[in-house]
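Trainee: Structure incoming, see below.
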Amino acid sequence: MRILLKNGRIVSPLNGLDGIFDVLVENGKIKQIAKRINCEDCKIYDLTRMIVVPGLIDMHVHFREPGREDAEDIESGAKAAAKGGFVAVAMMPNTEPPVDDPLRVRFVVEKGKMTDIYVFPVGSFTKGRQGKELAEMVMMAEEGAVAFSDDGFPVSDPLLLRRGLEYLKIIDGIYLDHAEDRSLSMGGVANESYITAKLGLKGIPWISEAAAVARDVYIAEFTKSKIHIQHVSSAKTLEVIEQAKARGANVTCEVTPHHLVLDETHLETYDTNFKMNPPLRSAEDKEALQEALSSGLIDVIASDHAPHTRDDKEVEFDVAPFGVIGLETTVPVIWDKLVEKKKITVERFVELLSVNPARILGLEGFGKIEKDGPAHITVIDPKKEITVNSEEFASKSRNTPFEGWKLKGAAVLTIVNGKIAFESF
Amino acid sequence: MEKKHLLGIENLKKEEIEEILETSKSFIEISKRPIKKVPVLRGKTVVNLFFEPSTRTRSSFEIAAKRLSADVMNFSSSVSSVRKGESLKDTVLNLEAMKTDLIIIRHSFSGAAKFLTTFCSSSVVNAGDGTHEHPTQALLDGMTVLEKKGRLDGLKVVIVGDILHSRVARSDIFLFSKMGSKVVISGPPTLIPGYFRGFPVEIDYNLDRALENADVVIMLRLQKERMQGGFFPSVREYRQKYQLTPERLIRTKPDAIVMHPGPINRGIELSSDVADSGRSVILEQVEKGVAVRMAVLSLLLGGER
């Protein structure tokens, strides 16, 4: 199939492309980029006033297969991704059982191949995510694992972390760090502050994140390894990362849409769709995260898409599981609240959601639109108005904190390897 | 009162607190009659839904409802046994299917009462949810002080002990500050972290200083298990710094009263000499509890007095 994308604004900062061009897609590749292309037998899309960007990548999602397919499986998660404008995701290993050996990596790869997008597995850093012994990371990498993480159970033993980081050098691998001192956050369910003290919710103080990040980046600096800090939530953590980057440490970091636009005041209803880890923090933290996004300190926006069934979430706040879904709301939320409001430019948007995740995970062929490259493309209609309605999600789960939000800007076309994975005009 | 539920003091207006206290006054007399019953809530069904052990509060609500002629059903369970089977939502929906009018809930998780209001049609009264609020306790505390002092404004109220884990402290802080009292909280800093400065209070880690010129001293129960959490090193040291003793009581105003939401840990937060002295109004608090709860139930269910 040949596809012709006409009159769109192509924004691909990695190769310095920003302008109105036609793009011809053929045999899964970008055949031609030019001011005016004519094609008789092409499927033609008129993208006037729309923005054509390198396919978006969400480098932090949870698809619950195997184990909790009732909340999400790889197929439904991939559909949600395509609908949200994502051509690729990195899937965290905290399934039941966890993805901690080569065979389970292969399972995710095979399942992923049956979908319309790329599902890249992240392997466990330690066996069973127990933080006791290293997992077979090299063999997992050979099966297709793109990074390693124990996600919600970060490696607490500093010696094991050091050994693992050193060992990963065999493959020049990267550790994705859900940095949390679980002793400091023990039993906590919300940011520690006056607002949550009033609500009687046990606190997770920012020190549990910032102190863990400080320790972990020092260890990674010592071993000269690559470390990526997941879902940064507090201003103090940003300070730690800023200093580490200034020292030349090989550290990158991500932030979620919900930490960028929500804060702890939303907890006053005890709605469990605002319960996640790290928790929503203060309004000042939220501002600091937005600042760091435009300054360039933050490298990536990732959703931490964490599906949970309604039954699991519709319980008392203390016992509800942490996490919210995001794949189908990331683009509208970021576009409306940050791009439209001029907090970040379109180029920066592309860096945060495509260029940088591709670079950090070492994904070949992603992150740019260029002649003869693979056709991974997302088209965004900046004028499209949507109202978030979880009943219409492709995800199996409904746990969004953005229910009912009216937002402007959404993905309308997702092309993966030259094939239409999603379209909605 | 316009409200359908009583979930906490924080969201009550001063006028609403005054209305409840005013209504309570008229109910005190009923409990002193030979026949302690009025037909205010005849035909109404009230459920006492208790997921935490409680004698005082549960009985107080039960007596209050019965004196108003409501039909009362008691449902007690531990959270753990419920957790194994039915969800809280299903439990409540099943009770409601029997056409209840008002549900009183005590639960170990903060926000449990609010959670009920998201799906059930009965009125909901929070009888204590986790470390969030215990509004009827604060109202009865206010009622007790009002009777002893004749006013609530311009008083110095000192709340002492484990503020961090206390729902009574949170409700009392909001009630007394809204009514114009000055509230001082005292206890070890581990149990009054810095962010508690957000509350409308003064914090003084030195109890002796905090007690100067106090009109009201509210002592909180100290759970010994907090030692394991590293909140304080020993009961001995806690007693030395934060126990209310006759010697410490001298620092307050001569007519200051001593309150405690119960049950008391004699010899820990409160010396028996103080607990049993004329300054202690602990049993009067219990008495006021019935009147205050009668007022709350009748106001929420819109009964005629």
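Trainee: Is it the case that some residue within region A:310-333 is farther than 13 Å from A:Glu254 by Cα, assigned to a loop (DSSP other than H, G, I, E, B), at pLDDT below 95 and among the hydrophobic types (A, V, I, L, M, F, W, C)?
Mentor: yes
Trainee: Given the criteria at pLDDT below 95, assigned by TED's automatic domain parsing to the domain that holds B:Lys37 and assigned to a strand (DSSP E or B), does B:Met73 qualify?
Mentor: Taking the combined requirement at face value, the residue satisfies it.
Trainee: Does A:Ala82 count as buried (at least 22 other Cβ atoms within 10 Å of the Cβ), small (Gly, Ala, Ser) and outside any helix (DSSP H, G or I)? Don't jump to the end; show me each part of the working.
Mentor: On the way: buried (at least 22 other Cβ atoms within 10 Å of the Cβ): yes; small (Gly, Ala, Ser): yes; outside any helix (DSSP H, G or I): no.
Against the criterion (buried (at least 22 other Cβ atoms within 10 Å of the Cβ), small (Gly, Ala, Ser) and outside any helix (DSSP H, G or I)), A:Ala82 does not qualify.
Trainee: Search region A:77-90 for residues that are of a type in the set (A, V, I, L, M, F, W, C) and pair each with any residue that is assigned to a helix (DSSP H, G or I) and surrounded by fewer than 24 Cβ atoms within 10 Å (Cβ to Cβ) when their beta-carbon atoms are under 8 Å apart and the residues are at least 6 apart or on different chains.
Mentor: Filtered contacts from region A:77-90: A:Ala78/A:Gly112; A:Ala90/A:Leu361.
Trainee: Follow-up. Among the residues of region B:153-166 satisfying the criterion of being surrounded by fewer than 24 Cβ atoms within 10 Å (Cβ to Cβ) and within 30 Å of B:Glu29 (Cβ to Cβ), which is farthest from the other protein chains (Cβ to nearest Cβ)?
Mentor: B:Gly154
Trainee: Quick check, is B:Arg197 assigned to a helix (DSSP H, G or I), within 14 Å of chain A (Cβ to nearest Cβ) and farther than 29 Å from B:Ser59 by Cβ?
Mentor: yes
Trainee: Conditions first: (1) assigned by TED's automatic domain parsing to the domain that holds B:Val292; (2) at negative phi; (3) surrounded by fewer than 19 Cβ atoms within 10 Å (Cβ to Cβ). B:Gly43 passes all but one, so which condition is the exception?
Mentor: (2)
Trainee: Sort through A:Val11, A:Val25, A:Val52 and tell me the only one that's in contact with an Asp or Glu (Cβ under 7 Å, 6 or more places away or on another chain) and either buried (at least 17 other Cβ atoms within 10 Å of the Cβ) or of a type outside the set (A, V, I, L, M) (or both).
Mentor: When all the criteria are applied, what remains is A:Val11.
Trainee: Name the residues in region A:242-275 that are β-branched (Val, Ile, Thr), assigned to a helix (DSSP H, G or I) and closer than 16 Å to A:Ala306 by Cα, would you?
Mentor: Taking region A:242-275 and keeping what is β-branched (Val, Ile, Thr), we get A:251-252, A:255-256, A:261, A:265, A:269, A:272.
Then drop every residue that is not assigned to a helix (DSSP H, G or I), which leaves A:261, A:265, A:269, A:272.
Matches in region A:242-275: A:Thr272 only.
Trainee: So, of the residues in region A:287-309 that are more than 14 Å from chain B (Cβ to nearest Cβ) and of a type in the set (Ser, Thr, Tyr), which turns out to be surrounded by the most Cβ atoms within 10 Å (Cβ to Cβ)?
Mentor: Only one residue tops the list, namely A:Ser303.
Trainee: Could you list, in sequence order, the residues of region A:310-354 that are of a type in the set (Val, Ile, Thr) and away from chain B (no Cβ under 14 Å)? Walk me through how you get there before you give the answer.
Mentor: As a first pass, look at region A:310-354 and keep what is of a type in the set (Val, Ile, Thr): A:315, A:319, A:324-325, A:329-331, A:333-334, A:339, A:344-346, A:350.
Within region A:310-354, A:Val324, A:Ile325, A:Thr329, A:Thr330, A:Val331, A:Val333, A:Ile334, A:Val339, A:Ile344, A:Thr345, A:Val346, A:Val350 meet the criteria.
Trainee: OK, next. Mind checking which residues of region A:192-241 are in a strand (DSSP E or B) and either over 18 Å from A:Tyr175 (Cα atoms) or outside the structural domain of A:Ala306 (by TED's automatic domain parsing) (or both)?
Mentor: Selection gives A:Gly203, A:Ile204.
Trainee: Still on this structure: Here are the criteria: (1) within 13 Å of chain A (Cβ to nearest Cβ); (2) touching a residue at least 24 places away in the same chain (Cβ under 8 Å); (3) buried (at least 24 other Cβ atoms within 10 Å of the Cβ); (4) farther than 18 Å from B:Phe61 by Cα. Tell me which single one B:Glu133 does not satisfy.
Mentor: With (1) within 13 Å of chain A (Cβ to nearest Cβ); (2) touching a residue at least 24 places away in the same chain (Cβ under 8 Å); (3) buried (at least 24 other Cβ atoms within 10 Å of the Cβ); (4) farther than 18 Å from B:Phe61 by Cα applied to B:Glu133, the lone miss is (4).
Trainee: Answer with yes or no whether B:Arg170 is under 19 Å from the mean Cα position of the chain (by Cα), part of a helix (DSSP H, G or I), more than 23 Å from B:Asp255 (Cβ to Cβ) and among the basic types (Lys, Arg).
Mentor: Considered against the rule, which asks whether it is under 19 Å from the mean Cα position of the chain (by Cα), part of a helix (DSSP H, G or I), more than 23 Å from B:Asp255 (Cβ to Cβ) and among the basic types (Lys, Arg), B:Arg170 comes out as yes.
The values are calculated or read from the model by the stated rules, or taken from the named source; none is laboratory data. The model shown is predicted, which means the values in this text are computed figures rather than measured ones. Methodologically, a virtual Cβ is constructed for each residue, glycine included, from the backbone with ideal geometry; neighbour enumeration extends over all protein chains shown.
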